[in-house]
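Asker: Sending over a structure as structure tokens; questions will come in a sec.
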Amino acid sequence: MHIMNHRQIFFQSIAQTSPFPLSIEIADAEGIYLTDKAGKKYIDFISGINVSIIGHCNPTVVKAIGDQASSYMHTMVYGEHIQTPQTRLSEFLKTILPSSLDNIYYVNSGTEAVEGALKLAKKYTGRHEIIAFKKAYHGSTAGSAALMSDSTHTAVSAPHVPGVKFIEFNQINELEKITNRTAAVICEIVKAEAGIITASAEYFIQLSNRCKKTGTLLIVDEIQTGCGRTGTWFAFEQMNIIPDILLLGKAFGGGLPLAAFIAPKSIMQCFSYNPILSHITTFGGNPVCCAASLATLEFIRDRHLTETVTHKSDIVKATLSGLEVRICGLMAAIQLSSFEDVMKVCQNCMAQGVLVDWFLFNNTSIRLAPPLTITEQELLNSLNIIRTQIYNL
Ligand SMILES: Cc1ncc(COP(=O)(O)O)c(C=O)c1O
């Protein structure tokens, strides 16, 4: 009988999402580094797509996970038992969020946070129209997928959840499409998968005002931008707006699956009646994930990591000067001219031990999102490798 190695099993038995997965066989992950089975080290310059914000296997997070796992793991479906990892995490969040965002619904993944928020907005307002932005990505399950304007991605799952309208980002005249029939507008402050595209504070203020005027809830998706990535705990703070519902995920779980939608209690409480159990989840708010999240957020606070982002962002700008770069804090896109060039740069950087990637809706740009814990020297060395691969094209 032929015994397959793990690489063969991966290609034969694990569902593939593309014809060219990175297929690094992971042996170990520590700090900014991944190590493969052959002992080759790679700098994870994309943080596992904006997840490992304080690097991999941070010892304080690993300890928090171990301590919690040895105390208790799953005890009951979400919302029934009082679990201190959940309450402690919500107490921490209170210290970094506006006072209106005082009620947290924990879920397992970003797309579930989106689904929960859409349902909450519909139930609370009694309306069913949702407005989303062209070329935004909010997840792959039915409700989130209906928020994708890009027909090459949506055609596969038609017919879609109805009631979604799309508007152009950063165009004030489009805001009049938000009316008193609109339940919610869902937006990112930095459209991540479109390739790091943001809008002016003035635009976001007008968006927020239009939502207030029409009784529409403003859902802000900070699944990629949250937890310090852009230099403040949340990117909305830089735009002088306060969301009605805030979505967190990715880095929020500290390397474990955790996401949340956060709203004023006056809005969230409509899930507990008419009918009761309007929205439920088995694993949402798993205590081990909440412990990992809290340890991660405390680490970011105690090491003042958000305050280091602006300086590191300046290093990225200076080192990549001469290239077309879009940047917000420590998330950036380098614009190249073709997908072939992007593929070549990604492959050549990987050969040099630096992992970069492209974006779902922009495959002519290189994605950069290193852990916030990267040192200035490591940042410089990696950027020099990336820049050299681009100049060698
Ligand atoms: C802005 C944004 N929202 C939502 C999601 C969906 O998150 P998940 O993959 O955890 O379902 C993503 C994932 O990339 C995202 O970037």
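Asker: Is it fair to say Thr281 is within 22 Å of the chain's Cα centre (by Cα), more than 19 Å from Ile49 (Cα to Cα) and assigned by TED's automatic domain parsing to the domain that holds Ile267?
Answerer: yes
Asker: Take the range 323-337 and flag every residue that is in a strand (DSSP E or B) and either within 18 Å of the chain's Cα centre (by Cα) or closer than 15 Å to Ile46 by Cα (or both). I'd like the intermediate steps shown before the answer.
Answerer: Taking the range 323-337 first, the residues in a strand (DSSP E or B) are 324-328, 331-335.
Listed by number, the residues that qualify are Arg326, Ile327, Cys328, Met331, Ala332, Ala333, Ile334.
Asker: Just checking, which of Lys134, Lys123 is of a type in the set (Lys, Arg), away from the ligand (no atom under 14 Å from the Cβ) and either over 20 Å from Gly195 (Cα atoms) or surrounded by 22 or more Cβ atoms within 10 Å (Cβ to Cβ) (or both)? Let's see the steps before the verdict.
Answerer: Numbers: Lys134 fails: either over 20 Å from Gly195 (Cα atoms) or surrounded by 22 or more Cβ atoms within 10 Å (Cβ to Cβ) (or both).
Just one listed residue meets the conditions, Lys123.
Asker: Would you mind finding the one in Ile219, Ile172, Ile186 that is more than 15 Å from the chain's Cα centre (by Cα) and more than 24 Å from Gln335 (Cα to Cα)?
Answerer: Numbers: Ile219 fails: more than 15 Å from the chain's Cα centre (by Cα); Ile186 fails: more than 15 Å from the chain's Cα centre (by Cα).
Just one listed residue meets the conditions, Ile172.
Asker: Right, here's the next one. Of the residues Leu118, Leu175, only one is modelled with pLDDT of 95 or more, assigned to a helix (DSSP H, G or I) and within 13 Å of the ligand (Cβ to nearest atom); which?
Answerer: On the way: Leu175 fails: within 13 Å of the ligand (Cβ to nearest atom).
Going through Leu118, Leu175 in turn, the sole match is Leu118.
Asker: What are the pairs with Cβ atoms under 9 angstrom where one residue, in the range 319-334, is under 13 Å from Arg387 (Cα atoms) and surrounded by fewer than 17 Cβ atoms within 10 Å (Cβ to Cβ) and the other, located anywhere, is at pLDDT 95 or above and among the polar types (S, T, N, Q)? Sequence gap at least six, or different chains.
Answerer: Within 9 Å, the pairs are Leu323/Gln335; Glu324/Gln335; Glu324/Ser365.
Asker: Give the residues of the range 137-172 that are in contact with an Asp or Glu (Cβ under 7 Å, 6 or more places away or on another chain), within 16 Å of the ligand (Cβ to nearest atom) and outside any helix (DSSP H, G or I), sorted by residue number.
Answerer: Initial filter on the range 137-172 (in contact with an Asp or Glu (Cβ under 7 Å, 6 or more places away or on another chain)): 137-138, 141, 143-144, 163, 165, 167-168.
From what's left, within 16 Å of the ligand (Cβ to nearest atom): 137-138, 141, 143-144.
Residues satisfying the conditions are Tyr137, His138, Thr141.
Asker: Let me ask something else about it. In the range 10-29, what residues are in a helix (DSSP H, G or I) and surrounded by 11 or more Cβ atoms within 10 Å (Cβ to Cβ)?
Answerer: Initially, the range 10-29 is screened for residues in a helix (DSSP H, G or I), giving 10-13.
Within the range 10-29, Phe10, Phe11 meet the criteria.
Asker: Now for a different question. Checking Ser99 against (1) surrounded by 13 or more Cβ atoms within 10 Å (Cβ to Cβ); (2) more than 16 Å from the ligand (Cβ to nearest atom); (3) assigned by TED's automatic domain parsing to the domain that holds Gln238, which test does it fail?
Answerer: (1)
Asker: Of everything in the range 229-250 that's within 16 Å of the ligand (Cβ to nearest atom) and not aliphatic (A, V, I, L, M), which residue is farthest from the chain's Cα centre (by Cα)?
Answerer: Pro243
Asker: Continuing with this model, one more query. In this structure, does Tyr42 turn out to be in contact with a Phe, Trp or Tyr (Cβ under 9 Å, 6 or more places away or on another chain), within 30 Å of Ile241 (Cβ to Cβ) and either modelled with pLDDT of 95 or more or of a type in the set (A, V, I, L, M, F, W, C) (or both)?
Answerer: Numbers: in contact with a Phe, Trp or Tyr (Cβ under 9 Å, 6 or more places away or on another chain): yes; within 30 Å of Ile241 (Cβ to Cβ): no; either modelled with pLDDT of 95 or more or of a type in the set (A, V, I, L, M, F, W, C) (or both): yes.
Against the criterion (in contact with a Phe, Trp or Tyr (Cβ under 9 Å, 6 or more places away or on another chain), within 30 Å of Ile241 (Cβ to Cβ) and either modelled with pLDDT of 95 or more or of a type in the set (A, V, I, L, M, F, W, C) (or both)), Tyr42 does not qualify.
Asker: Of these, Lys63, Lys94, which one is farther than 25 Å from Thr232 by Cα, modelled with pLDDT of 95 or more and surrounded by fewer than 22 Cβ atoms within 10 Å (Cβ to Cβ)? Can you show your working first?
Answerer: Working: Lys94 fails: farther than 25 Å from Thr232 by Cα.
Matching residue, one of Lys63, Lys94: Lys63.
Asker: Tell me the residue from Tyr203, Tyr124, Tyr105 that is hydroxyl-bearing (Ser, Thr, Tyr), within 26 Å of Leu330 (Cβ to Cβ) and outside any loop (DSSP other than H, G, I, E, B), please. Break it down stepwise before answering.
Answerer: Values: Tyr124 fails: within 26 Å of Leu330 (Cβ to Cβ); Tyr105 fails: within 26 Å of Leu330 (Cβ to Cβ).
The unique qualifying residue is Tyr203.
Asker: For Leu217, which of the numbered conditions (1) surrounded by fewer than 24 Cβ atoms within 10 Å (Cβ to Cβ); (2) more than 16 Å from the ligand (Cβ to nearest atom); (3) more than 16 Å from Thr95 (Cα to Cα) fails to hold?
Answerer: (1)
The values are calculated or read from the model by the stated rules, or taken from the named source; none is laboratory data. What you are looking at is a predicted structure, and each value in this text was computed from that prediction instead of being measured. No Cβ is skipped: glycine too gets one built from the backbone with ideal geometry, and neighbour counts run over all protein chains shown.
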